[in-house]
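Sharing a structure below in structure tokens format, with a few things to ask.
The values are calculated or read from the model by the stated rules, or taken from the named source; none is laboratory data. Small disclaimer: the values here were computed from a predicted structure and weren't measured. Quick reminder, even Gly has a Cβ in these numbers, built from the backbone with ideal geometry, and neighbours come from all protein chains shown.
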Amino acid sequence: GRVILGPQSVVLRGFALPTVDALLAGVDEVTAQAPFRHMETPGGYTMSVALTNCGELGWTTDARGYRYSRIDPVSGQPWPAMPQAFRQLAQDAAREAGFPDFAPDACLVNRYEPGSRLSLHQDRNERDFGAPIVSVSLGMPAMFLFGGDDRADRAARVPLFHGDVVVWGGVDRLRFHGVMPLKDLPHPRLGSRRINFTIRKAG
Ligand code: MD5
Ligand code: FE
């Protein structure tokens, strides 16, 4: 099914289920080369979500700020290539949501454990806000918070489940959003973890 979140954002329930095996193999391949790590925010906090990246550009944060970089600061090497299964799924989902010409160059992979959360924020480090962002949820469910263009706008709560894909673009691209602290509801396949990856055009 399809859940409309906004004028140009939609949840495609279970859209990733047919390719879950290839997607999880892709996550393993990426994390073998670029392991999950907890990064520091410019405000001096350590993120409860662990992250890594694949593709030409990877999102990082440290005391100096948020940015995209070609090099993994842990390995000193380029980020691993984006698995073809990620790119294909993202392009299929983007087309389904009305964005037929999506050319991604970046993928941020987030790992949540029980209690991990993402506070309300906007994704503004990409160069071109005209491109959509495609988000894939695997493992434990999460309660997603979908706010408005102002931080103070009331946020809707949207549950996201294993296999769900969300596309955000156009007028919804800069809406504030976050993830509530994860409950421990172990998933048969992934245990007490949630993996979310977002495929983007960053450069
Ligand atoms: C997550 N990740 O579940 C979410 C899913 C992130 C992040 O927020 O920045 O890694 S992506 C949700 C998203 C992305 C871009 C725009 C909007 C939502 N939006 O306009 O609401 O780990
Ligand atoms: Fe975000």
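Which ones in region 131-165 are without any contact (Cβ under 8 Å) to a residue 24 or more places away in the chain, not in a strand (DSSP E or B) and not aliphatic (A, V, I, L, M)?
Filtering region 131-165 down to residues without any contact (Cβ under 8 Å) to a residue 24 or more places away in the chain leaves 152-154, 157, 159.
From what's left, not in a strand (DSSP E or B): 152-154.
Within region 131-165, 153, 154 meet the criteria.
Anything in region 1-15 that is assigned to a loop (DSSP other than H, G, I, E, B) and within 13 Å of ligand 1 (Cβ to nearest atom)? List them, or say none.
To start, the set of residues in region 1-15 that are assigned to a loop (DSSP other than H, G, I, E, B) comprises 1, 7-8, 13-15.
Residues satisfying the conditions are 7, 8.
With respect to residue 61, determine if the residue is closer than 20 Å to residue 138 by Cα, at pLDDT 95 or above and hydroxyl-bearing (Ser, Thr, Tyr). Walk me through it before giving the result.
Values: closer than 20 Å to residue 138 by Cα: no; at pLDDT 95 or above: yes; hydroxyl-bearing (Ser, Thr, Tyr): yes.
Considered against the rule, which asks whether it is closer than 20 Å to residue 138 by Cα, at pLDDT 95 or above and hydroxyl-bearing (Ser, Thr, Tyr), residue 61 comes out as no.
Residues being over 25 Å from residue 24 (Cβ atoms) and either of a type in the set (Asp, Glu) or more than 16 Å from ligand 2 (Cβ to nearest atom) (or both): count how many of those fall in region 171-203.
3
In region 86-112, which residue that is within 16 Å of ligand 2 (Cβ to nearest atom) and farther than 27 Å from residue 186 by Cβ is surrounded by the most Cβ atoms within 10 Å (Cβ to Cβ)?
First, pick out the residues of region 86-112 that are within 16 Å of ligand 2 (Cβ to nearest atom): 90, 104, 106-112.
Of the ones still in play, those that are also farther than 27 Å from residue 186 by Cβ are 90, 104, 106.
On the way: 90: 27, 104: 23, 106: 23.
Filtering region 86-112 for residues that are within 16 Å of ligand 2 (Cβ to nearest atom) and farther than 27 Å from residue 186 by Cβ, the one surrounded by the most Cβ atoms within 10 Å (Cβ to Cβ) comes out as 90.
Condition check ((1) away from ligand 2 (no atom under 16 Å from the Cβ); (2) among the small types (Gly, Ala, Ser); (3) in contact with an Asp or Glu (Cβ under 8 Å, 6 or more places away or on another chain)) across all residues:
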{"residue": "114", "(1), (2), (3)": "yes, no, yes"}
{"residue": "120", "(1), (2), (3)": "no, no, no"}
{"residue": "131", "(1), (2), (3)": "no, yes, no"}
{"residue": "139", "(1), (2), (3)": "yes, yes, no"}
{"residue": "147", "(1), (2), (3)": "no, yes, yes"}
{"residue": "166", "(1), (2), (3)": "no, no, no"}
{"residue": "169", "(1), (2), (3)": "no, yes, no"}
